[in-house]
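One structure is given below, encoded as structure tokens.
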Amino acid sequence: MIDKLVAQLKHARRVTVMTGAGVSAASGIPTFRGDGGLWRSFRAEELATPEAFERDPAFVWEWYEWRRAKIASCAPNAAHHVLAEWSRRSPHCTVITQNVDDLHVRAGTERLVRLHGSIWELSCWDRCGVAPWRDERVPLVDRPARCVGCGGIARPAVVWFGESLSAADMDAALRACACDLFIAAGTSAIVYPAAGLLQHAKACGAVTAEINIEPTPASGAVDLAIQGAAELVFPQLAAELPRLW
Ligand code: NAD
Ligand code: ZN
């Protein structure tokens, strides 16, 4: 299967890679589903929602402070580095991520599409009109964090369950689906609309591939399903590829 993917990579002019939490797992960042995903016996679906924040912003912020501290102590892994290198090498290689950890950013990925925002950015809960701002302090000084515009409560500038993705990011992602090869890596392919991008790419005529340590709902639908860890498979692919794009 790896050989088949290498062959596709060699022929493809436009390549899009969509990543999920599994790509950051080897960096030490827990996925939501699976071992280590729980925080004090709460599931992410109970914390990463506007309703949970409305009910108890300080509590949800406590979880984000825990995640931010964890992510701050982690570094990009081999998968992030290979993808960053590909993005630098070719303007026709696009990386779309569902991850909010910014490890792709830290690895130097160009033209990255962050579908779910960044855990290192904050925005105003009351939508006072101030643009999202970056704050990488761990821990944040105010609890809960305050809006730099109106002084009200600030929230993590991430897309929560039940919220819509930014139109600009979704547009960029849909445009990137018009490619020759679309690879979904480390994503359970459950969370829409990201999961729908794979189907959209296929409908646009792309060859589709998946890299995951276990079968997912997408495995049966993709042209090439590779069972393996992203941090091992991407360096293997990179080693097989001549410096052509
Ligand atoms: P997900 O739906 O993307 O599932 C993780 C997938 O990664 C699983 O299918 C698992 O089999 C696979 N996986 C685990 N280790 C792997 C490895 N080494 N190589 C390849 N595949 C591997 O992610 P989720 O955890 O269910 O979270 C859903 C949403 O929550 C994400 O879209 C994201 O917005 C957010 N989230 C982000 C982060 C982060 O930024 N690092 C972490 C957790 C959750
Ligand atoms: Zn404000």
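Some points to look at:
- Within the assembled protein chains, the solvent-accessible surface assigned to residue 10 is about 90 Å², based on a 1.4 Å probe.
- Beta bridges per DSSP with both ends in region 88-222, % antiparallel, nearest 5: 50
- Residues in region 169-194 that a label on residue 111 would reach, taking backbone N under 19 Å of a point 7 Å out along Cα→Cβ: 169-185
- Counting only lysines at least 8 places from residue 202 when in the same chain, those with an alpha carbon closer than 21 Å to its own are 4, 10.
- Ranking of 64, 192 by solvent-accessible surface, largest first: 192, 64 (1.4 Å probe, protein heavy atoms only, all chains present).
- Residue-span extension gain [residue 227 to residue 56] - 0.36 nm each, minus C-alpha spacing: 57.6 nm
- Rounded percent of accessible protein surface that carbon and sulfur make up, the chain, 1.4 Å probe: 53
- Shown here: the chain, whose C-alpha atoms stretch 54, 35, 28 Å along the first, second and third principal axes, sorted largest to smallest.
- More than 28 Å apart - percent of Cα-Cα pairs taken over region 94-234: 27
- Under the simplified labelling scheme, the residue 85-residue 241 pair shows an inter-label distance of 0.9 nm, with each label point 7 Å from Cα along Cα→Cβ.
- Under a Gaussian network description of the chain, with springs only between Cα atoms under 10 Å, the residue in 54, 210, 231 that fluctuates furthest is 54.
- With the convex hull constructed from alpha-carbon coordinates only, region 1-137 shows a mean projected area of 10.0 nm² over all directions.
- DSSP beta bridges confined to the chain are antiparallel in about 30 percent of cases.
- Contour excess over end-to-end distance, with Cα ends at residue 166 and residue 178 and 0.36 nm allotted per residue: 2.4 nm
- Total formal charge among the other residues, if their Cβ is under 12 angstrom from that of residue 40, Lys/Arg +1 and Asp/Glu -1: -1
- Of the peptides 180-186, 117-123, the order by per-residue mean of other Cβ atoms within 10 Å, starting with the highest, comes out as 180-186, 117-123.
- Accessible area (Å², per residue) of region 101-234, counting only protein heavy atoms and a probe of 1.4 Å: 45
- Most simply put, region 1-124 has about 10% antiparallel DSSP beta bridges, counting only bridges with both residues inside it.
- Using a Förster distance of 30 Å, the FRET efficiency for residue 134-residue 75 (Cβ separation, nearest 0.05): 0.95
- In units of the compact-protein estimate 2.2 N^0.38 Å, region 134-189 shows a Cα radius of gyration of 1.65.
- Trypsin sites (Lys or Arg not before Pro) lying in DSSP loop within region 18-104, provided at most 16 other Cβ fall within 10 Å: 33, 40, 43
- Per residue of the chain, the DSSP helices (runs of n ≥ 4 H) give a summed -39500 (n - 2.57) that works out to -10000 deg cm²/dmol at 222 nm.
- P(r) tail fraction, region 163-245 - alpha-carbon pairs more than 16 Å apart, %: 56
The values are calculated or read from the model by the stated rules, or taken from the named source; none is laboratory data. Being a predicted model, the structure only gives us computed values, none of them experimental. Here the Cβ is made from the backbone with ideal geometry for all residues, glycine too, and neighbour counts use every protein chain on show. All accessible areas refer to the heavy atoms of the entire protein, side chains included, with ligands and DNA or RNA removed. Shrake-Rupley method; radii C 1.70, N 1.55, O 1.52, S 1.80 Å.
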